[in-house]
Structure formats: structure tokens, C-alpha cells
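Working notes for the structure below.
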Amino acid sequence: MRGISLGRLATVGGVLAVLTLILTARIGYLQLVEHERYRAMANDEHWGVMRLEPHRGAIRDRHGNLLAASVATYRVLADTSKVKPEQITRIANTLAPLVNQPVEKLVTALATPPQPMLPADGQKLGDNTKITYKKTVLAERIPYTTGPKIEALGFLGIELERENVRVYPEGNLAAQLIGIVGRDQRGLAGIEADYNRALAGQTGQVLYERDTTGAEIPLGMRGVSQALDGSDVVLTIDRYIQRLVDQEADAAMTRHKADGVTIVVMNPQTGEILAMTTRPAFDLTKPNLNDPKAQELIRNRAVTDMYEPGSVFKILTMAMALEEKLVNPNTTYVDRGWVRKWDRDIVNWDGAANGTTTMTRLLVKSANVGAVWLSDLLGSERFYRYVYDFGFGRPTNIDLGGEAAGQVRTHNDPGWSPFDLATNSFGQGINVTPIQLITAVSAIANGGKLMQPHVVKQIIGPNGTRTFDPVIVRRVISEETSKTLRSMMVEVVNEGTSRAVIPGYRLSGKSGTTQIVTGRAYSDDQTIASFVVFPTDNAPFVVLTRVDRPKDSQWGGQVAAPIARSIVERLLAYYRIPPDNVKPGGLG
Amino acid sequence: MTRKRADYVLLGTVAVLVMVGLQALYSASFALAMAEYNDPAYFILRQLIFAVPGSILMLAFWRIPYEVWRRFAFPVALLGGLALLLVLIPGVGVNVYGAQRWIQLGPLPALQPSEFVKLALIIYLAAWLADRPERIKSVGGGLVPFGIIVGLMVAPIMLQPDLGTTTVVVVTAIVLFYLAGAPSTFMIAIFGGIAAVTPLLLAASYRSNRMEAFLDPWKDPLGNGFHIIQSLIAVGSGGLTGLGFGSGRQKFFYVFGSHSDAIFAIIAEELGFIGTILVISLFVLLGFRGFRVAARCSDRFGALLAAGITTWLCLQAFINIGGITRTIPFTGIPLPFISYGGSALMATFCAVGILLSISRTTTQPDAEEEPEPADDPLPAGPRLAGRPRQSIVET
């Protein structure tokens, strides 16, 4: 007895067998023939890259105080494809006080339709099947403490992203020196740009297998190259001195209604810059990169901009003559008040005829005629050799970007005339940067060695510390010449520049007043007033002050010297230097 | 009627399928379970909760003489029909992913009646067809009532909507009608009718979306085609040997329903062509042994019931795997014994229990056990006696 027809059962079985064969063939095709294609697709959608951002190094002063540092904050993003429409109001109301934004703005942002990120042009659709949406930025710079609170709310589609921002614990201190960083934390100016590679460190990355939400698959494969944190850059700048100098510069701007102020303080023994400032300045904490005028202010003009040094240059001319033993402090010349060179008259600044004058008096009176007399003794050959040896006409190679080389026209250059030698001797017709001038003066202060100026003392990285030692470029003058000239300059301060005198201390200094060239002629009332000064013996610092177009008085001795005096007075206290006249005998 | 040893090869095949299925389910579901329930064992535990009473039910049905079902065929069908109607009542039925397929009874896990209805309909149809061997050959006594019975049972399933289950039920019913001796003209009429109705079925938007996704998934890889493409990537990236058990990537939310309807994609990804061939072989063996039980059953009801159950299980496996591999359009039905789903697992266990019960009562002589009887009353018997094994080789 048989229940059903075996023939029909066989037919049904046969149909099922054929279907099974078709299915097996299809699976074999997918898994064996097209395997590589699908494997490539799988790799394409499974592997994700996550950038590991290094921590940007800090900029510190010479004692380690923070001047610029990076702080982690959060950026709040919305993936609107995941935000549920009925939740928008609730999310907006909850987030508004946390991110300090109006509720309406958040509602608008959250209601933005999701924009799918499509595969790049030319890429075949289907080879890239990940669905990701552009994210809307709801808020930025959310404090590090607020981030976890937002995270804890657990709103679907609301995401947090770490965002590093630069903070300045000392406010606007040393703005041009520090410089600025862009939104991407890349240095754009100042130390931030010049030392960007050290500060930035190296970005690392994680290659990982991810799920459709972009999250990492547990126990998936991953490849990690660790981020290398940025190094701290320790400056030679002293926070106290920089603050002092910044304040003095601001005060001078107001007091003299000046167009600009530049102050540099340098350690002549090492070439370390202790403070450096220029005014007007930009606001470090709120840089405005869209305003071309504001951009101008970002430049560190103490290094990048040139001017005619004027009478300050006379001490260098004197140094040359002393070094060549052409004169000594008591050598005299006859000053008639004017001298004719190349068919043009050169007169003293006060028009006075000083008669028979010693070299010391030449400097005290700042006699142009005397400087010309010295240049005649030296001759162009020797004069310009010394000018170069003092570091003019070429960069000092300070470790800052954009340094100007200065401009010196010598007897070997076309267009030069003996008249140029005469005016160069008292600082006209020659262009220098403040950093060049203070470096040259430092050579007088330190016994004759030209030091290479620098602002970076150390770079402290995760893999070690690099220290920058003082670099002697060359010896320009002898110890003896230096000592002689320093003593002469004491007279300059005490008798020529009463406003720079600090009772009890021996200071060497020299003022300068440069007429600004307007059009083709020197202007009488528009000047650059400047002053350099340092403690005569074992000077721990040289101060250069420069005021552009002061409106109350145009003279360096009257405008720039009091600023320098105010700074020196406090530096003497800061360095605990006892007055020279109370030094116990036998030690000094 | 004599009782013999049941078909232990069939039992063993099912046991291996369930074991492989539980392993595969754990691997395929832990990521989703972790993400949605914070418990990697969420799905596997619930599957085990159904597997234990399911296997007890199987043992019980094995011991119950299958003839009982002939007597209770109508009440069973009625109960199934009522359960299907319950699903559609709001408040009792539970809607998941836009389909109304489950009943929630108190604290008990949700039940999916359509899984049991498939078995109930096969029992009822087998009994109905066995009762009237000659009348079913007429239009009024066969074709029309057959259409009405199937239509009544399928209508509520279509309303859920559940195209996959509808297909399985309808095709299994037609196979039973054919095996019971329906004239070939009826078959032509039925297939003609289905061909006429198909465009209507395609009108339902989600179904035609599926048709589009089937025809060209790359047209909309991030939308309509996403699910099928992700399944293909899983299958294709498996290659010959697979990524290794547990090492699949596509279960991390790339493949939709990786623990349920699309579990085969994960098996293919992790175990490769070797694994897929193993799973398909197990179903082939199940089909072969099931048809062998049908062929050897002297009782018309038992033979139809065995053939119906076997056809159902094999067809459902084919539609599932065919959908995952884009061999046919995708319809959401579970892979028997393997996919997550307690109702389906219990229903299939019951069906296998009945199949085992039928295998115990075959009177068709087994060459290894007893000599072939000489007096076979059916004229077709001797002619075909030596052939069943070679004619039902591959299923």
C-alpha cells in the first residue's frame, strides 16, 4: 500500500533539487568568483581612520611661566539625521543654557535637513556604501567641564568633539613675540609660526574597523601610530621685564601721543632677549585677521622694520677710532659748528660751534661735525669694515622669522659718495633694525664681543630637551676699547642726558634723534627719538627705547631717555645691583 | 499497522541543524544584543528558552501516533485561523517594523501564530485531501474548495503583511494538492491564476521597492538597495573559508536582521563557501529523508503530511537563502532551525516530531530490515519499487 504517487513525489523532489543547484551555483559565484570584489567593498566600509591630535606645546618665559598654552574644550555637533523631530524643542531647551546660545538658534540648527556626504566625484556608487551625514556645529569652545554634562544627557544625534584652543595666562603680554595660531592650531606668526614644528608635535592615527555608526568594533583589528605631543618652547624672555616694558611702552604711547614705541632689553653677555615689544600692538586674545590694518600690527617690528639710528651710531664710530688707536678720550679736534663735504654743509644739531673739543665732549655734545672728523680719520675702507663687523647690513640671525638685513651703502656700491661716509658717521643714510642696533651696542657693553641675539632658551620635548647656548659671532673691539668707551658714555649720561641719570649708579648711554624723511627731505619736527643705556660694568642688560613721532618733544634725550631710565631703575632693583658708590672697597 | 524505529538520520540532521544554528545565532546576534539590551547573550538565551520546550514538544509529537492529527485536523486549523485574526486586533497584536505578526499574551514572550498556522494548514489540507481521493479531481469538489481553504488561511497572513510566509504556505498547499492527485489541468489553472495576481501583489509599495532592490540594488546603495548590498558583501567577503567563526564584521549593524532573517549572510561571511555548503547539505539531507518518509508511508494522510512538512521546511530555507543571495527577491522569512524566533523554532520542532512519528509507521519495506513483500496491491508499486532512492536524490 502506497500513500501517494511516487512519480509526483519525484517531480516535486526534482524541482527542489534544481532550485538547490541554482542556489548553490549562485553562492559559489558570490563567494568564489566575486570574492575579491566584495572583500574590497567590505574593507572600504569597515575601515575607519581616527586622527589622534597631539597636545600643542606651551610657550613659557625663562622661568617657566606660561605665556601661551593649549586647553582642550568641546565643540558640540548635531547629526540631524539622528535627531528625532519631536525631540528638537526639548534638546534645544536643555542645551541652550549649557552652551550659552539662544534656544531659537539651536532649534533652527537642529531642524536642518540632514545632508548626506556623497562619495567623491568619479567614485563609483556602490563601491562606497557608508552612510554619513554632514554635522551641524551648534556651539564651540565649550569648557572642558561642561562637555561631560552634555554627554550625560545622552541625546541621540548630539555629539561632542574635542577642540584645542590657545589661551594666554599673561593676557596680551609679548603679543608680537608669541604670535598667533589659526583655528587649526597651526602657528601663523611669531614664535607660534617660527617654532610651529616643535610646538605642534606629530599627529597620530588609528586605523580601526567600525560598525555602521562609525564606532569601533570590539576585538576588531586596529593599527595605531601614536601622536607625539608638541614641545614646550622656553623663551629667554623674562615675564617681569616684559610686563614692565609693555607697560612703559603703553604709557609712552599716551604721554607722547606717539605713532609707535619699540623697546628691547637684551643681556649683552649672552645675546638673550629679555623683553621685546612694539606699539601699537594687536590683541593676542582676539586677533582680527580680516582687517589688513590689524594684520600690520602682528609683525614683530623690532626685527622686521628698519630706521635710521641717528646719533646713537656715534658711539660706534667712536669705538672704531678708539680701536684703531686714532684717538683717545682726551684727543681734541676743533669744532667750528659746520663742515663742508661734497659741496654740502653738515652742521651740529644745535648749530653750536664747540671749539676745541675732547672725544668725550664730542659724545656728550653729540657733535655731528666731530663724527665727520672721526670718519675722515678712519676712511671709508675701515669705517665700512667695522660697520659690517658690528652686524649691520646683514641679518643678526636671531631665531625669529622675517628679519630685515638693514641697508648700508659702501664705497664699493654704485651711487655712493664721500658725503654718505660723513652722514653715516652720525647715523644718517644707513638703515638698521632695533635688534641690529642693540646687538652692536651690546658688543660695547660686554667687552667687545658681538653676540648672536636669540629669544628661545630651550625646547623641552617628550623625547628630551634642547638648550640654546650663547653664540659669539666675532670680536669687534678689544676689552680695552670697550672699557674706555663705556667710561666715556658715563659722561654722556651724566652731563648730556640728565633725564637718564640714576643717582649712585654708573650708567653708559647715548641718545639719538632721527629726522624722518618725508618726501625727499628730512623733516624738522617729525623724528624718531631713541636711547640706549646699560650699567657701565658687567652689564646684565642693555635697554633700547625708541619713540616714533612723539608730539611733545622730538629729542631722544628728552623723550626716549626717561622711559629707559624708568625701566633701568626697576631692573637694577630686580637684579639686586647695589649702587656703585656704596660698593665695599676691594671688591669692585 | 506496525510501529518501527523512527528515522534517526532525520533526527540527527535536525539536531545538527539546531546546534549549528545556536552557534551561528550567538555569533550573529551578540553585537546587536549588546547595543540594544547591553547583554550579548540576550537573543541566544531567549532562543534557548524556546529550544528546550520545543525539543520536548518534538519528542512528545514523535510518540503521539500521527493519525491523531487527522481527527483533530479541523479544530487545529480553526485554532490557527483564530490566532491569525487575533494578531490583527489592535492591542493584542504587536507591530514590529511595520508588520503585525505577533501576539503578546501577558508576561509570556510574544508568539508569532503564522509559524504554527503553516503546520496547522498542512495538517488540515493533508487530512482534507486524504479524505476525498476521487472528489478532489473535480472542479466543484476539488479546485474550488481547495482555493477557498487556502484563501481563508492566507488572507490574514497577507494582511499582516507577510509575503514570505504567504508564498511558503501557498506553494506548499499547491504541492500537496498535486501530490494528492489533482489533475494537471488544475495545476495549469492555478499557476495561470498566480501569474495574473502577481502584478497586484507588486503594487504594494514596499514589495515593489523590494523588487527594485532585487533587480538593481546599486541604483540606490544607501537607501533601498542598502540591505541587500550589505547581505551580498557579507556572503561575498566570506570567500572559500570565511573570516572565521565569530570574526564577521557585517553583523555590526551593516546587515539588517543579522540575527533573524539574514543570519545566513553572517554564516556565509564567517564560515565561507564551506560553511554555506554544509548548511545547504543539511537541508538537502532533511528534504531527502522527509520525502523518503513520505514515499514509504502506506497511509495517504501520513504520506501527504510528511511531504507537506518537508516541502514547507525546504521551501522556506530556499526562499530565505535565495533572498539573502539575491537569487530571488528578498522576503522576510526565517531560516528554519537557525534564525532567531521562538515561535518558528517551536513550530518546526513540532513538525519534525510529526515527521518522526510518521517515519515509525511506514509499512513500505526497508531493504535493510525486511524482505520486500511480493503482493503489492498498487499497480504502480512494483514498477517504482526500486526507484525511489534514485528519483528523489537531491532536494
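The values are calculated or read from the model by the stated rules, or taken from the named source; none is laboratory data. Model, not experiment: these values are computed from the prediction. Don't worry about glycine lacking a Cβ; one is built from the backbone with ideal geometry, like all the others, and counts go over all protein chains shown. Calculation scope for accessible area: heavy atoms of the full protein, side chains included, ligands and nucleic acids excluded. Shrake-Rupley method; radii C 1.70, N 1.55, O 1.52, S 1.80 Å.
Residues are listed down the side, and each one gets a yes or a no for (1) in the same structural domain as residue A:441 (by TED's automatic domain parsing); (2) of a type outside the set (Asp, Glu); (3) modelled with pLDDT under 90; (4) open to solvent by 30 Å² or more (accessible area, probe 1.4 Å):
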position: A:311; (1), (2), (3), (4): yes, yes, no, no
position: A:315; (1), (2), (3), (4): yes, yes, no, no
position: A:318; (1), (2), (3), (4): yes, yes, no, no
position: A:324; (1), (2), (3), (4): yes, no, no, yes
position: A:342; (1), (2), (3), (4): yes, yes, yes, yes
position: A:348; (1), (2), (3), (4): yes, yes, yes, no
position: A:354; (1), (2), (3), (4): yes, yes, yes, yes
position: A:361; (1), (2), (3), (4): yes, yes, no, yes
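Given the conditions (1) surrounded by 19 or more Cβ atoms within 10 Å (Cβ to Cβ); (2) free of Cβ contacts under 8 Å to residues at least 24 places away in the same chain; (3) away from chain A (no Cβ under 14 Å); (4) touching an Asp or Glu at 6+ places or on another chain (Cβ under 9 Å), which single one is not true for residue B:166?
Only one criterion in (1) surrounded by 19 or more Cβ atoms within 10 Å (Cβ to Cβ); (2) free of Cβ contacts under 8 Å to residues at least 24 places away in the same chain; (3) away from chain A (no Cβ under 14 Å); (4) touching an Asp or Glu at 6+ places or on another chain (Cβ under 9 Å) is unmet by residue B:166, namely (4).
Grab the strands (runs of 3 or more DSSP E) fully contained in the range A:429-507, keeping just those with 1 or more residues being loosely packed, with under 15 Cβ neighbours inside 10 Å.
Working: elements: A:449-451, A:456-461, A:464-467, A:472-475.
Qualifying strands (runs of 3 or more DSSP E): A:464-467, A:472-475.
Can you pull out the residues in the range A:269-285 that are more than 21 Å from residue A:69 (Cβ to Cβ), part of a loop (DSSP other than H, G, I, E, B) and not polar (S, T, N, Q)?
Passing the criteria: A:271, A:280.
In the range B:104-185, which helices (runs of 4 or more DSSP H) lie fully inside it and hold 3 or more residues that are of a type in the set (Ser, Thr, Tyr)? Spell out how you get there, then give the answer.
Working: elements: B:113-131, B:144-159, B:163-179.
Hits in the range B:104-185: B:163-179.
Does the range B:262-269 contain at least one residue that is open to solvent by less than 40 Å² (accessible area, probe 1.4 Å), without any contact (Cβ under 8 Å) to a residue 40 or more places away in the chain and closer than 30 Å to residue A:8 by Cβ?
Within the range B:262-269 (the criterion being open to solvent by less than 40 Å² (accessible area, probe 1.4 Å), without any contact (Cβ under 8 Å) to a residue 40 or more places away in the chain and closer than 30 Å to residue A:8 by Cβ), the answer is no, since none of the residues qualifies.
So, in the range B:245-272, how many residues would count as being out of contact with any Leu (no Cβ under 6 Å at 6 or more places or on another chain) and facing chain A (nearest Cβ under 8 Å)?
Within the range B:245-272, residues that are out of contact with any Leu (no Cβ under 6 Å at 6 or more places or on another chain) and facing chain A (nearest Cβ under 8 Å) number 6.
Could you please let me know if residue A:399 is in a loop (DSSP other than H, G, I, E, B) and acidic (Asp, Glu)?
Details: in a loop (DSSP other than H, G, I, E, B): yes; acidic (Asp, Glu): yes.
The answer is yes for residue A:399.
Where in the range A:1-114 are the helices (runs of 4 or more DSSP H), entirely inside, with at least 1 residues that are over 30 Å from residue B:131 (Cβ atoms) and within 14 Å of chain B (Cβ to nearest Cβ)?
Working: elements: A:6-28, A:35-46, A:88-99, A:103-110.
Per the criteria, A:6-28, A:35-46.
If I ask for residues that are surrounded by fewer than 16 Cβ atoms within 10 Å (Cβ to Cβ) and among the acidic types (Asp, Glu), which ones from the range A:51-110 would you list?
Listed by number, the residues that qualify are A:86, A:104.
Report yes if some residue within the range A:415-433 is modelled with pLDDT of 90 or more, within 29 Å of residue A:187 (Cα to Cα) and in contact with a helix residue (DSSP H, G or I) (Cβ under 9 Å, 6 or more places away or on another chain); otherwise report no.
So far as the range A:415-433 goes, yes, one or more of its residues are modelled with pLDDT of 90 or more, within 29 Å of residue A:187 (Cα to Cα) and in contact with a helix residue (DSSP H, G or I) (Cβ under 9 Å, 6 or more places away or on another chain).
Inspect all residues belonging to the range B:307-317 and state whether any of them is open to solvent by less than 10 Å² (accessible area, probe 1.4 Å) and without any contact (Cβ under 8 Å) to a residue 24 or more places away in the chain.
So in the range B:307-317, the residues open to solvent by less than 10 Å² (accessible area, probe 1.4 Å) come out as B:307-313, B:316-317.
In the following step, the residues that additionally are without any contact (Cβ under 8 Å) to a residue 24 or more places away in the chain were identified as none.
No, the conditions are met nowhere in the range B:307-317.
Select, from B:305, B:201, B:222, B:278, the only residue that is touching a Lys or Arg at 6+ places or on another chain (Cβ under 7 Å) and either part of a loop (DSSP other than H, G, I, E, B) or not basic (Lys, Arg) (or both).
Numbers: B:305 fails: touching a Lys or Arg at 6+ places or on another chain (Cβ under 7 Å); B:222 fails: touching a Lys or Arg at 6+ places or on another chain (Cβ under 7 Å); B:278 fails: touching a Lys or Arg at 6+ places or on another chain (Cβ under 7 Å).
None of the others qualify; the one that does is B:201.
Does residue A:192 satisfy the condition of being outside the structural domain of residue A:307 (by TED's automatic domain parsing), assigned to a helix (DSSP H, G or I), touching a residue at least 40 places away in the same chain (Cβ under 8 Å) and surrounded by 19 or more Cβ atoms within 10 Å (Cβ to Cβ)?
yes
If you check residue B:22 against the conditions, is it part of a helix (DSSP H, G or I) and open to solvent by 90 Å² or more (accessible area, probe 1.4 Å)? First the steps, then the outcome.
Values: part of a helix (DSSP H, G or I): yes; open to solvent by 90 Å² or more (accessible area, probe 1.4 Å): no.
Considered against the rule, which asks whether it is part of a helix (DSSP H, G or I) and open to solvent by 90 Å² or more (accessible area, probe 1.4 Å), residue B:22 comes out as no.
So residue B:329 ticks every box in (1) out of contact with any Asp or Glu (no Cβ under 8 Å at 6 or more places or on another chain); (2) open to solvent by 10 Å² or more (accessible area, probe 1.4 Å); (3) modelled with pLDDT of 90 or more; (4) of a type outside the set (A, V, I, L, M, F, W, C) but one. Which box is left unticked?
The single condition residue B:329 does not satisfy is (3).
Condition test on residue A:288, is it among the polar types (S, T, N, Q), part of a loop (DSSP other than H, G, I, E, B), more than 29 Å from residue A:405 (Cα to Cα) and open to solvent by 70 Å² or more (accessible area, probe 1.4 Å)?
Values: among the polar types (S, T, N, Q): yes; part of a loop (DSSP other than H, G, I, E, B): yes; more than 29 Å from residue A:405 (Cα to Cα): no; open to solvent by 70 Å² or more (accessible area, probe 1.4 Å): yes.
No, not satisfied.
So which residues in the range A:216-264 are in a helix (DSSP H, G or I), open to solvent by 70 Å² or more (accessible area, probe 1.4 Å) and touching a residue at least 60 places away in the same chain (Cβ under 8 Å), if there are any at all? Quick ask: steps written out before the conclusion?
Residues of the range A:216-264 that are in a helix (DSSP H, G or I), as a first pass: A:239-255.
Narrowing the set further to residues that are open to solvent by 70 Å² or more (accessible area, probe 1.4 Å) leaves A:239-240, A:243, A:247, A:250, A:254-255.
If the condition is that a residue be in a helix (DSSP H, G or I), open to solvent by 70 Å² or more (accessible area, probe 1.4 Å) and touching a residue at least 60 places away in the same chain (Cβ under 8 Å), then A:239, A:240, A:243, A:255 are the ones that fit.
Taking residue A:570, is it at pLDDT below 90, assigned to a helix (DSSP H, G or I) and of a type in the set (Lys, Arg)? Let's see the steps before the verdict.
Details: at pLDDT below 90: no; assigned to a helix (DSSP H, G or I): yes; of a type in the set (Lys, Arg): yes.
When the stated conditions are applied, residue A:570 does not pass them.
More than 8 Å from chain A (Cβ to nearest Cβ), without any contact (Cβ under 8 Å) to a residue 40 or more places away in the chain and open to solvent by less than 10 Å² (accessible area, probe 1.4 Å): does that describe residue B:275?
On the way: more than 8 Å from chain A (Cβ to nearest Cβ): yes; without any contact (Cβ under 8 Å) to a residue 40 or more places away in the chain: yes; open to solvent by less than 10 Å² (accessible area, probe 1.4 Å): yes.
Criteria met by residue B:275.
For residue A:199, all conditions in the list (1) under 17 Å from residue A:456 (Cβ atoms); (2) within 14 Å of chain B (Cβ to nearest Cβ) hold save one; what is the number of the exception?
Single failed check for residue A:199: (2).
Among residues belonging to the range B:338-374 that are closer than 27 Å to residue B:232 by Cβ, assigned to a loop (DSSP other than H, G, I, E, B) and open to solvent by 10 Å² or more (accessible area, probe 1.4 Å), point out the one that is modelled with the highest pLDDT.
B:340
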